[in-house]
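Notes to accompany the following structure.
No value in this document is a laboratory result; all are computed from the given coordinates. As the structure is a computational prediction, the values presented were derived from the model and not from experiment. With ideal geometry, Cβ positions are generated from the backbone for all residues, glycine too; neighbour counts draw on all protein chains shown.
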Amino acid sequence: MMTPNQIPHPNPASEARIRVRGLTKVFGEHPERGLALLAQGKGRAEVLKDTGCVVGLQDVSFDVAPGEILVVMGLSGSGKSTCLRCINRLVTPSAGEVVVDGTDVTRLSEHELLAFRRKHFGMVFQQFALFPHRTILRNVEYGLEIQGVAPTERTERAMTAIEQVGLKGWDQHLPSQLSGGMQQRAGLARALALDPDVLLMDEAFSALDPLIRRDMQQELVALQKRVKKTIVFVSHDLDEAIALGGRIVLMKDGRVVQQGSAADFLGNPADDYVRRFVEHIDVLGVVTAGDAMRAPALVARWDMPAAEALSRLDAAGEPVATVICEEGRFQGTVDATSLRGAGGTVLKLLAADRHAFVAERAPLNTAVVALAGGRGEIAVVGDDGHLRGIITNADLVAALARRHRATPPAGASPAHPVQ
Ligand SMILES: Nc1ncnc2c1ncn2[C@@H]1O[C@H](COP(=O)(O)OP(=O)(O)OP(=O)(O)O)[C@@H](O)[C@H]1O
Ligand SMILES: [Mg+2]
């Protein structure tokens, strides 16, 4: 199993847009004393007791790839905001490095930092912080105004951002005339107008009603696909992290407990804390068809003679063969019953539900629907239409069972044991 500080990322570190290594923040009068104790292996509580310093972050490492949404998650006080603020150095780290597009932010002079921040980062907070007497347009223009962008250009850029967040037609209104959700859209537009590479979002949707919040999550995902920003999103809400769909860095007491997808947390929890964190997760919404699939019993090309397919199925003791074309694209299935006594190729004998398949990346609940209507087996295909595997009723049950093994109920023994 991976330790929290191994970076499970397919890209080499050089490709990361943001590379965080050994990031540590000690708050207090004499942070160096706190650091020294940490170096001796002392814990957070001891550092507080001995020096009065609060360890906000300790040895945090992760990468953020370009165009990725990374969710930093954890309970209140776990260090999420501190971590986010260290990335653009609103908080000065006590140790470690934060490399953004090849530049170590911790080494910039104050002057360089201002320019760097302006060019690279946009921030969106939980509080919308709009100027009450400025129209939405003038609020969104604000950052550009500070940068000295000419009035025509800044209006143009602000209007584009307003449109991007779905507030077209509201530019002349005052913040008080907008709902909370709309005000947060304006906050997002204000960040987008500056066209930063990286959006840092701290509990940006936490003040919104649940339904509006869900809409905003979906819209952020859609927007991110269009504008391809790199987003670091802080949240204490697992459902939100799942809805945003990216990798998750789970923090506890200033440290990273585990990083990966929600499905990784579920299938391979690093410890009991992670196990408890994902206890109430909707497994069918998180595990993908690709996670649950297995190799088909028999793959037959469409020009395979029916007799050959039948003898192979019989030899394997399997009832169903999966049929592909010569390029490997999924065509359908044939079962032993229809093959028996038939001549010609398998192509003519494909089952009527030949289009019954699910996408590899689709959540398992789409497979449940497909399985319910079929013969207990469904094909899994990639974006290119190629066969990747199959899921049977048994695989589905196994995926659910794995989740239950991962989270045994306290004092587990059935209330009504089977006699
Ligand atoms: N300026 C500061 N001075 C002293 N301690 C601080 C400061 N900022 C944060 N801390 C401490 O660092 C720890 C992490 O705080 P942080 O604000 O990063 O948590 P968080 O995960 O964002 O919590 P929340 O979900 O409540 O926003 C906490 O123990 C907090 O008290
Ligand atoms: Mg916070």
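How large are Rg and Dmax for the chain when calculated on the C-alpha trace, in angstrom?
Just the Cα atoms of the chain yield Rg and Dmax of 26.5, 86 Å.
Can you pull the percent of Cα pairs in the range 38-108 with separation above 22 Å?
29
So, by mean Cβ neighbours within 10 angstrom, what's the order for 90-97, 181-188, 311-318, 342-349 with the highest one leading? Display every interim value, and only then the final one.
Numbers: 90-97: 17.9, 181-188: 23.2, 311-318: 13.1, 342-349: 16.2.
So the peptides 90-97, 181-188, 311-318, 342-349, ranked by packing, come out 181-188, 90-97, 342-349, 311-318.
Packing-wise, with mean Cβ within 10 Å as the measure, how do 56-67, 289-300, 99-110 rank, highest first?
Going by the mean number of other Cβ atoms within 10 Å, highest first, we get 56-67, 289-300, 99-110.
Would you please give the residues with an amide H less than 5 Å from that of Ile324, counting only those at least 5 places away or on a separate chain, with H modeled from the backbone geometry?
When sequence neighbours closer than 5 places are left aside, the close amide H contacts are Ala300, Arg301, Trp302, Gln331.
Just to verify a number: FRET efficiency for Gln147 and Glu110, C-beta to C-beta distance, R0 = 25 Å, to 0.05?
0.90
Excluding same-chain pairs closer than 8 in sequence, count the lysine pairs in the chain whose Cα atoms lie under 22 Å apart.
Qualifying lysine pairs in the chain: 15.
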